[in-house]
Amino acid sequence: MTGRLAGYGRIVVKIGSALLVDRDTGLRHEWLASLCADVARLAGEGREVLLVSSGAIALGRKILKLPAGTLKLEESQAAAAVGQIALARAYSEMLGRHSLEAGQILLTLGDTEKRRPYLNARATIGTLIQFGAVPVINENDTVATSEIRYGDNDRLAARVATMMTADLLILLSDIDGLYTAPPARAPDARHLPLVERITPEIEAMAGGAASELSRGGMKTKIDAGKIATSAGAAMIISAGNRLNPLDAIDRGERQTLFLAAGNPVTSRKRWIAGHLNAVGRLVVDDGAVKALTAGKSLLAAGVRTVDGDFSRGDTILVLDGSGREVARGLVAYDAAEARLIAGKRSDAIEALLGEGTRAAMIHRDDLVLERHLQDAGGSAASQL
């Protein structure tokens with residue numbers, strides 16, 4: 001793998017409505033088929049690809065023969081309901097040509113901003129990836145209102161990238177990257193192939209939405225870049241209005257690369273360490289301390305006592321037998337369940353809570369060791 005996408009293992013690709021749907025003819029079948037061929041090639045190289053796809057409302061309004069112009073909320077939701085089925089069918093059929101399964105995920109703002117739904121969504125998407133399926137993600141436009149919606153899929157794609165610790169976010173657009181000014185209004189605007197850091201000057205270069213079918217513009221893409229790069233994912237903006245758009249990026253056709261601020265796992269763990277209040281404690285045995293130090297998850301078998309009233313997804317301190325803080329992380333069980341299974345092995349946990357339960361009290365991806373807490377802003381214990 002020697003192209004521009006070499007070295008990126010998990011890639012989130014955002015597809016805009018104007019790329020997928022033609023106002024007059026509907027779904028762009030040839031374009032979508034070429035995109036799915038690109039996804040299949042990347043998957044064949046061992047890469048994991050997640051698609052954040054707009055287009056449900058645009059496709060639904062074409063199917064329902066709704067007039068041009070701004071739709072009422074209930075009209076948009078009806079169009080989304082019809083369009084989402086057609087869009088999911090198209091992805092399933094075209095990925096299926098390459099022996100890939102598609103899995104549909106519909107999210108609202110709360111699914112990525114509230115910890116418990118966030119963990120559920122992340123677990124579902126992660127399991128799809130483990131099974132070799134391609135997650136196709138969209139905002140749940142059939143139920144979302146202006147108060148509880150993202151409003152554009154650029155920022156949703158950035159949230160998905162951070163949630164899934166992707167190392168690259170690709171925004172396929174009708175423009176081939178960032179310019180010093182909107183090129184439609186400034187013919188002498190210069191294309192920027194590389195953005196090392198998103199500064200106020202970079203933000204000032206963003207313009208408004210360029211298409212009736214798209215809610216977003218360059219501003220939402222810069223907003224998405226701030227979310228993604230600060231969490232450790234690089235971002236590419238490139239033109240998607242050509243066949244095989246991912247292959248074109250890989251070949252080095254014009255694009256803008258926004259450099260990541262750090263490693264995605266490191267950034268996520270800094271977020272856990274520095275920005276969430278711990279609401280409970282787990283005291284663990286020496287074997288668990290050793291396992292954690294070796295980079296493993298905290299299993300229920302190693303937990304001796306549980307303190308606090310917490311819910312799944314809350315931040316918990318992990319202490320050794322002397323009361324010294326060892327780590328902290330996002331707990332996978334409610335307090336009552338944690339007390340019930342503390343000290344139990346996996347087979348005993350299934351007997352108590354049923355099949356399909358998690359062996360880890362805190363998964364290693366959701367856990368920060370004490371030695372990293374200083375880098376993230378100090379000891380978690382001070383926040384209790």
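Some points to look at:
- The ratio of the alpha-carbon radius of gyration of the chain to the globular-protein estimate 2.2 N^0.38 Å is 1.06.
- GNM top mover of 131, 258, 310 - the chain, alpha-carbon springs below 10 Å: 131
- Residue-wise HN-Hα coupling along region 52-62, computed from phi with Karplus coefficients 6.51, -1.76, 1.60 (Hz; x: Gly, Pro): 10, 10, 7, x, 5, 5, 4, 6, x, 5, 5
- Extension gain (nm, one decimal) between residue 73 and residue 180, 0.36 nm per residue minus Cα-Cα: 35.0 nm
- Among 331, 136, sorting on how many other beta-carbon atoms sit within 10 Å of each Cβ, with the fewest leading, yields 136, 331.
- 5 angstrom amide H check on residue 105, placed H, neighbours 5+ away: 136, 137, 138
- Other-chain or far-sequence residues with amide H under 5 Å of residue 48's (modelled H): 10, 11
- Hz values of 3J(HN,Hα) by residue in region 328-335 - Karplus curve (6.51, -1.76, 1.60), Gly and Pro given as x: 8, x, 8, 6, 9, 9, 5, 4
- Here the label points at residue 244 and residue 201, each 7 Å from Cα along the C-beta direction, are separated by 3.8 nm in the simple model.
- Qualifying trypsin sites (Lys or Arg not before Pro) for region 1-88 [loop in DSSP, other Cβ within 10 Å: at most 14]: 23, 65, 72
- Most fluctuating residue given options 295, 329, 55, as computed from a GNM of the chain linking Cα atoms under 10 Å: 295
- With contacts taken as Cα pairs under 8 Å at a separation of at least 6 residues, the chain carries a relative contact order of 15 percent.
- From phi via Karplus (6.51, -1.76, 1.60), per-residue ³J(HN,Hα) for region 361-369 in Hz, x at Gly/Pro: 6, 9, 6, 4, 5, 10, 10, 10, 6
- Scanning residues 5 or more positions from residue 195 or on other chains, those with amide H under 5 Å from its amide H are 257, 258, 259, with H placed 1.01 Å from N in the peptide plane.
- Alpha-carbon centroids, region 300-322 and region 17-43: separation in whole Å: 47
- Distance violations [Cα-Cα > 30 Å] among 65/114; 114/219; 114/296; 65/226; 62/114; 72/269: 65/114; 65/226; 62/114; 72/269
None of the figures in this text is laboratory data; all of them are computed from the coordinates on show. These numbers were taken from a predicted model, which means no experiment stands behind them. Every residue, glycine among them, receives a Cβ derived from its backbone with ideal geometry; neighbour counts consider all protein chains shown.
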